[in-house]
Amino acid sequence: MLVLAIAAFFVFSAGTSGPSYEFKFLVFMVVLFCIIYLAVLAVMRLEAFDTPLKIALLMPAAMAAMLVTVLLNQQTAILFVVMLSLGILCASNFMLAPTLFAFFSGIAGVSVIRNMRKRFDLVKSACILALINPLIIIVISVALPDPVNDLSFLIAMASVNGFMGGILVIGFLPILETALNTSTSFRLMEFSDLNSPIMKKMLLTASGTYNHSIMVATLAESACREIGADPLVARVGAYYHDIGKMEQSEYFVENQVDGNKHLALNPRLSATVIRSHVKQGVEKAIQMRLPRQVVDIIAEHHGNSVISYFYNEAKKLDETVDPENFTYPGNPPRSKESAVVMLADVVEAACRTLEKPSVPRLEKFITELVNKK
């Protein structure tokens, strides 16, 4: 177990299996591992489960693998299944049958859930596992024959194991999604609903920003699909990237119908109002408990760029003006989806100002905008 713990430390360390994990996700995987490990130890003491395959049938390996796949990613889930199988090997006094069942059932769980988009799809995955688990039991019982076993009973219990594993995922997933605040595809689909209260409020208080966000979402989703990034993350991030504008919507050009309010303001004050929508958007997103990736897109969609219009206006009044006073308070994008939303945002807004647009002029203008960013 000590060797396994050391191996897990290196396997899940930053750079080994991809990006580094937040501490809460590491805690989640450790707790999940310990629960199953202790459950195997407890089952080993029960007289009713006196054969290796009967012990295997009580292990929710598929459920654990499915939860890790949805909450983190497929690669992490496969590594977790390997570690979990080795832990079960130790807990079962090095019996091969429970270890093999945990491994293959876990891999099956990862495979059936990787492309799920709706919560009802989890029921389908449960039904598929109800068919796959009996096949795994049959293969193991042929490879490791034990005359004590009743094969028909084992097949029936394996089917129940697979089906209940998928059903339990449906129950645990909403709780874990909220507790870990992770951007699963199921949760993102819920936040992509344009009938949500926040989107309805944006439509009423900042209709120009609402229409702009819809267009940015369409552009970002298409672009992410082309480059292999996550189109759902980009779409949801684009929907919410400007929610900070709702508090002072009349100061943003897409919402102005009665003239430009900035004509009566000092350029520095105007820049402060414009910059504030990023901070207010992040604060509102955290209050709404939006997924971390969406909050990052809101914070990064302007990066640390300068608000050039008001900076140039201020320079006309004072050549020594500090550009820091006209710079957005965010960081440059740290993910593909965030970068795509930033580019879609600036392209959609800037192309509105192009006079007599044509395909060649648009292509040239967009190329200049992207290269500048």
The correct ranking of Arg289, Arg352, Arg187 by accessible area at 1.4 Å, largest first, is Arg352, Arg289, Arg187
Carbon/sulfur accessible area of segment 1-138, % of total, 1.4 Å probe, equals 73
Stretched fully, the stretch from Ala179 through Ala7 gains (0.36 nm per residue minus C-alpha distance, one decimal, in nm) 59.2 nm
The distance between the Cα centres of segment 322-373 and segment 221-252, in whole Å, is 13
For the chain, longest principal axis from Cα atoms; helix 61-71 axis from its Cα atoms; angle between them, nearest 10 degrees, is 0
Between the Cα axis of helix 2-11 and the main Cα principal axis of the chain, the angle (0 to 90°, nearest 10) is 30
Extension length gain for Arg334 and Asn73 (0.36 nm per residue less Cα distance), in nm, is 92.1 nm
Taking a label point 7 Å from the Cα of Ile170 along Cα-to-Cβ, the residues of segment 104-129 whose backbone nitrogen sits under 20 Å from it are 109-129
For segment 285-344, listing GluC sites (Glu not before Pro) in a DSSP loop whose Cβ sees at most 12 other Cβ atoms within 10 Å gives Glu319
Here the FRET efficiency for Asp121 versus Ile366, based on Cβ atoms and R0 = 41 Å and rounded to 0.05, is 0.65
Here the relative contact order (percent) of segment 92-148, from C-alpha pairs under 8 Å and at least 6 apart, is 43
Per-residue accessible area, 1.4 Å probe, largest first, puts Ser152, Ser13 in the order Ser152, Ser13
The helix 267-287 Cα axis meets the longest alpha-carbon principal axis of the chain at an angle in degrees, between 0 and 90 and rounded to 10, of 20
So for R0 = 25 Å, FRET eff. of Asn93-Leu131 from the Cβ-Cβ r, to 0.05, ends up at 0.25
Rg (one decimal) and Dmax (whole number) from the Cα set of segment 102-159, in Å, equal 13.2, 43
Between Leu265 and Lys24, the FRET efficiency computed from the C-beta separation at R0 = 56 Å comes out, to the nearest 0.05, as 0.85
Ranked by GNM mean-square fluctuation in the chain (Cα springs under 10 Å), the top entry among Val70, Val123, Val282 is Val123
Of all trypsin sites (Lys or Arg not before Pro) in segment 41-127, the ones in DSSP coil with at most 11 other Cβ atoms within 10 Å are Arg45, Arg117, Lys118
With a 1.4 angstrom probe the carbon and sulfur portion of accessible area for segment 199-354, in percent, totals 52
Across Thr99, Thr209, Thr51, the residue with the highest GNM fluctuation in the chain (Cα network, 10 Å cutoff) is Thr51
Sorted largest first, the C-alpha extents of segment 305-372 along its principal axes in whole angstrom are 40, 33, 16
Taking chymotrypsin sites (Phe, Trp or Tyr not before Pro) as exposed when in a DSSP loop with at most 13 other Cβ atoms inside 10 Å, the chain has its longest clean stretch at 121-373
Heavy-atom accessible area per residue of segment 183-295, all protein chains kept, 1.4 Å probe, expressed in Å², is 47
Over segment 1-147, with neighbouring protein chains present, the accessible area per residue in Å² at probe 1.4 Å is 49
Computed over segment 297-341, the convex hull of the Cα set has an average projected area, in nm², of 3.2
Of Ile243, Ile136, Ile297, the most mobile residue in a GNM of the chain (C-alpha springs, cutoff 10 Å) is Ile136
Residue-normalised 222 nm signal for the chain, counting each DSSP H run of n ≥ 4 as -39,500 (n - 2.57), nearest 500 deg cm²/dmol, is -22000 deg cm²/dmol
Over all viewing directions the Cα convex hull of segment 53-174 casts an average projected area in nm² of 6.8
All alpha-carbon distances of the chain, grouped into 20 Å bins from 0, give the whole-percent distribution 25, 42, 24, 9, 1
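The values are calculated or read from the model by the stated rules, or taken from the named source; none is laboratory data. Just so it is clear, the model here is predicted, and its values are computed rather than measured. Positions of Cβ are generated from backbone atoms using ideal geometry, with glycine treated the same way; all protein chains shown enter the neighbour counts. The protein model used for the area step is the full one, side chains on, heavy atoms only, and it has no ligands, DNA or RNA in it. Shrake-Rupley method; radii C 1.70, N 1.55, O 1.52, S 1.80 Å.
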